[in-house]
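Take a look at the structure set out below.
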Amino acid sequence: MDAMVLTAPGLPLRLELREDPVPGAGDVCVMVAACGVCRTDLHVVDGELPGIAYPIIPGHEVVGRVVALGRGVTSLALGERVGVPWLGYTCGECSYCRSNRENLCDRPRFTGYTRDGGFATHIVADARYCFPLGETGEDVAIAPLLCAGLIGWRSLVMAGDGERLGIFGFGAAGHIIAQVAHWQGRSVYAFTRAGDVEAQRLAKSLGAEWAGSSEDQPPVPLDAAIIFAPVGSLVPAALRAVRKGGRVVCAGIHMSDIPSFPYNILWQERQLLSVANLTRGDSIEFFEIAAQADIRTHTSVFPLLEANEVLSKLRAGQITGAAVLQP
Ligand SMILES: [Zn+2]
Ligand SMILES: [Zn+2]
C-alpha cells in the first residue's frame, strides 16, 4: 500500500510504501476510493491536538470497498462500499458509552489521529464503526459527508430548531449544513473570511438568505449560530449576532483562544456550547437526512500524492467547498 505519513508535528507528510495490511479480529481492510480533507487533519499535521499516535496516516472521511475481512466479521461483506469516519473505536463500558454518548467515550480511538486513516490506498478499520454506504452517489461526493456532514449534523441538532441560523466559516461543513438547514425551511446567514467572495457566492447559490464577512452584523438577530472556523474571536462575534435566548455552537475540535468579552453579550439566557465527535447513531440519522435533502457536495479532487499541497491550500482558505484526495 501507499500512504502519506506524518512522522512528527509540523513536518510534511511523507509517502511510504508499506506491505498491504492484514485485518485483525473484528477489523476489515478497505481499499480507499476517496478520502476527504478536513480542518481536523490540519490540526493533526500541525500537532495542535494531544496524544497523536506517530507515525500516523491522517484522513477520516474515507469511502472505499472492503477487500479483506478479519476473523469474526459478519456485519460487512467483501466488495461492499463502506464509510470509515472519525469515530474509530469506543470502549462500550464507560459511563458515556453506557448512556448513549459514545462520542464522549473515555477510551476512544479516532481515525487518522490515534489509528491510521485514509490518506492511503488501504485502511484497516474496526468493522463495528464502518457503515455501509450502498451504491447510490459518487465516492468523491460522499466523502465530505463522513465528517463535515456528520459533525455538522450533530452541531445543527445542538443548535436547536430556531428559524434563523448563522454559519460562521463556510467551508466543507458549512456548505453541507447550509443545504440541510435550507431543506428544513430555515433561513441561513453565512459568515466567511472578509472578502471571500467565492464562499459567499457558494452560500447564496445554496439558498443562504444572506452572506457576508464575519466582521459584519447580520441584517436580523439570529436564533442560533454554528461556528465551524477554528477562530476564537468568532465566539463573541456570534454571541453578538444571536437574540436573547439564542444559542452558539462551537463545532470544531480546536480553536484559537477566545478573547475576553463583556458578560452582557452572553446574558439574557444566551447559551454557548461545544460539539465533540460523533456517535454511530448520528451517522445513521444523518445519512437518511442527506438522502432526503438531496445534498450536493462541492468538491475539488486531488491525487493522494498532493496531500501536502492540499493541506496548504486549506490552511490558506483557497479551497471552496470540500477537498477530496484520490489514490
Ligand atoms: Zn467508552
Ligand atoms: Zn473531520
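The values are calculated or read from the model by the stated rules, or taken from the named source; none is laboratory data. Keep in mind that this is a model prediction, so the values were computed, not measured. A quick note on method: Cβ atoms are made from the backbone with ideal geometry, for glycine too, and the neighbour counts reach across all protein chains shown. Only protein heavy atoms, including side chains, enter the accessible area calculation; ligands, DNA and RNA are left aside. Shrake-Rupley method; radii C 1.70, N 1.55, O 1.52, S 1.80 Å.
See the values below:
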quantity	calculated
Filter result for Glu269 (acidic (Asp, Glu) and in contact (Cβ under 8 Å) with a residue 60 or more places away in the chain)	no
Candidate set: region 130-155, residues that are crowded, with 24+ Cβ neighbours inside 10 Å and farther than 17 Å from Arg39 by Cβ; chosen: the one farthest from the chain's Cα centre (by Cα)	Cys130
Strands (runs of 3 or more DSSP E) within region 105-212 that include 1 or more residues over 30 Å from Ser75 (Cα atoms)	164-168, 187-192
Answer residue from region 12-41, given it is in contact with a helix residue (DSSP H, G or I) (Cβ under 8 Å, 6 or more places away or on another chain) and part of a loop (DSSP other than H, G, I, E, B) and is nearest to ligand 1 (Cβ to nearest atom) among those	Gly26
Residue pairs meeting the criteria (Cβ under 6 Å; at least 6 apart or on separate chains; first free of Cβ contacts under 8 Å to residues at least 40 places away in the same chain and within 16 Å of ligand 2 (Cβ to nearest atom), in region 91-115; second not aliphatic (A, V, I, L, M) and not in a loop (DSSP other than H, G, I, E, B))	Arg109/Gly88; Arg109/Tyr89; Arg109/Arg115
So Gly59, is it in a strand (DSSP E or B) and within 16 Å of ligand 2 (Cβ to nearest atom)	no
Checking Thr297 against (1) free of Cβ contacts under 8 Å to residues at least 60 places away in the same chain; (2) of a type outside the set (A, V, I, L, M); (3) open to solvent by less than 50 Å² (accessible area, probe 1.4 Å), the condition it does not meet	(1)
Filtered residues of region 3-44 (kept if of a type in the set (Gly, Ala, Ser) and closer than 28 Å to Leu78 by Cβ)	Ala3, Gly24, Ala25, Gly26, Ala33, Ala34, Gly36
Complete set of residues in region 105-144 that are under 14 Å from Val324 (Cα atoms) and β-branched (Val, Ile, Thr)	Thr121, Val140, Ile142
Sole exception among (1) at positive phi; (2) out of contact with any Pro (no Cβ under 7 Å at 6 or more places or on another chain); (3) crowded, with 16+ Cβ neighbours inside 10 Å for Asn100, by number	(3)
Complete set of residues in region 231-265 that are small (Gly, Ala, Ser) and open to solvent by less than 70 Å² (accessible area, probe 1.4 Å)	Gly232, Ser233, Ala237, Ala238, Ala241, Gly245, Gly246, Ala251, Gly252, Ser256
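Listed here are the residues, each with its yes/no results for (1) within 16 Å of ligand 1 (Cβ to nearest atom); (2) closer than 16 Å to Val30 by Cβ.
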{"site": "Arg107", "(1), (2)": "yes, no"}
{"site": "Phe110", "(1), (2)": "yes, no"}
{"site": "Phe119", "(1), (2)": "no, yes"}
{"site": "His122", "(1), (2)": "no, yes"}
{"site": "Arg128", "(1), (2)": "yes, yes"}
{"site": "Phe131", "(1), (2)": "no, yes"}
{"site": "Ala141", "(1), (2)": "no, no"}
{"site": "Ser155", "(1), (2)": "no, no"}
{"site": "Asp161", "(1), (2)": "no, no"}
